[in-house]
Amino acid sequence: TERRLDDAKKEDSGRGLELIWLNVEGGYENVGLQTFNIDEEELTAGFISSSANGGVLGAGAGVRLLYFTLGARGRVGFFDDWQLFTLGGEVGLHLPLGRLDPHVDLGFGYAGLGSFKSAVRGAADAIAIRGVYGRISGGLDLYLSPVFSIGANASWELLALTRPGLSTAQIDRIKGEAAATPQQAKADLLAAEGSSVGSALALTAVAGLHF
């Protein structure tokens, strides 16, 4: 009887046992590097924009055991003044409903900013920002076949970021390039290490393969 029930479920959903998954995603992301900071100049002193909207691309892969998934995910967010890179582990809970697969996922890993652009080139070259992220996400996948699915995903990240303090030579260069501008007086703020707690919200479309 149990075997017949299992066979009936597989015929109804068109899906078999899944062990390996991989997917790619793309969409929109909004990032605030200092969402929970009172001092808005501590991290970048105004030389680099602390909030942005843009596109995001990502990919993930891992294993699945019935309702649970374990894997890794990387993302790159593309913005006017910088790019946001994240890479880490991910664990998920899935609830198969025929061809539909709603899920909730938790992730944690490395976060870093790169490809800085600033009106003051010395600041863009010298500033480095990196840290960790924690992510919660939810989505819904539709299995078009046992091995291919499409879906949508929404995620929110908590970003804990730090910026190493700059050397005297780096600050002097920034002051020279920012001469006679309001930014010149703020260059000294970069001598001390800065930190911030920010957040990111992403909405993505997803395509996946399942084996």
Scanning the stretch 15-74 for residues that are part of a strand (DSSP E or B) and more than 20 Å from the chain's Cα centre (by Cα) gives Ile20, Val63, Arg64, Leu65, Phe68
**Prompt:** Residues in the stretch 65-79: is at least one closer than 22 Å to Ala52 by Cα and among the hydroxyl-bearing types (Ser, Thr, Tyr)?
**Reply:** no
Scan the stretch 185-196 and tell me whether some residue there is at pLDDT 85 or above, under 20 Å from the mean Cα position of the chain (by Cα) and either farther than 17 Å from Ala61 by Cα or part of a helix (DSSP H, G or I) (or both). yes
Given the conditions (1) at pLDDT 90 or above; (2) surrounded by 14 or more Cβ atoms within 10 Å (Cβ to Cβ); (3) in contact with a Gly (Cβ under 6 Å, 6 or more places away or on another chain), every one holds for Asp81 apart from (3)
Flagged in the stretch 129-155 as of a type in the set (Val, Ile, Thr) and loosely packed, with under 15 Cβ neighbours inside 10 Å, in numbering order, are Ile136, Val147, Ile150
Inside the stretch 77-86, the number of residues satisfying the requirement of being out of contact with any Asp or Glu (no Cβ under 6 Å at 6 or more places or on another chain) and under 13 Å from Tyr133 (Cβ atoms) is 3
Of (1) in contact with a Phe, Trp or Tyr (Cβ under 7 Å, 6 or more places away or on another chain); (2) among the acidic types (Asp, Glu); (3) over 22 Å from Glu18 (Cβ atoms), Asp80 satisfies every one except (1)
Residues of the stretch 116-158 being under 30 Å from Leu209 (Cβ atoms) and touching a Phe, Trp or Tyr at 6+ places or on another chain (Cβ under 8 Å), in sequence order, are Val132, Tyr133, Gly134, Arg135, Ile136, Ser137, Val147, Ser149, Glu157, Leu158
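One line per residue, one yes/no per condition, for (1) surrounded by fewer than 19 Cβ atoms within 10 Å (Cβ to Cβ); (2) under 19 Å from Asn37 (Cβ atoms); (3) touching a Leu at 6+ places or on another chain (Cβ under 7 Å); (4) without any contact (Cβ under 8 Å) to a residue 60 or more places away in the chain:
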{"residue": "Glu157", "(1), (2), (3), (4)": "no, yes, no, no"}
{"residue": "Thr162", "(1), (2), (3), (4)": "yes, yes, no, yes"}
{"residue": "Lys175", "(1), (2), (3), (4)": "yes, no, no, yes"}
{"residue": "Leu190", "(1), (2), (3), (4)": "no, yes, yes, no"}
{"residue": "Ser199", "(1), (2), (3), (4)": "yes, yes, yes, no"}
Could you check, for the stretch 156-168, whether at least one of its residues is aliphatic (A, V, I, L, M), under 24 Å from the mean Cα position of the chain (by Cα) and either under 20 Å from Gly26 (Cβ atoms) or not in a strand (DSSP E or B) (or both)?
-> no
For the stretch 81-108, pairs from a residue that is among the basic types (Lys, Arg) to a residue that is in a strand (DSSP E or B) and at pLDDT 95 or above, with Cβ under 7 Å and 6 or more apart or across chains, are Arg99/Leu142; Arg99/Tyr143
Subset of the stretch 84-102, residues surrounded by 17 or more Cβ atoms within 10 Å (Cβ to Cβ) and either under 18 Å from the mean Cα position of the chain (by Cα) or hydroxyl-bearing (Ser, Thr, Tyr) (or both), comes to Leu84, Thr86, Gly88, Glu90, Gly92
| said: Residue under question is Ala180, and the condition is that it be surrounded by fewer than 14 Cβ atoms within 10 Å (Cβ to Cβ), more than 14 Å from the chain's Cα centre (by Cα) and at pLDDT below 85; does it hold? | reply: yes
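The values are calculated or read from the model by the stated rules, or taken from the named source; none is laboratory data. Quantities reported herein were computed from a predicted structural model and do not represent experimental measurements. Neighbour counts run over all protein chains shown; Cβ positions are idealised from the backbone, glycine included.
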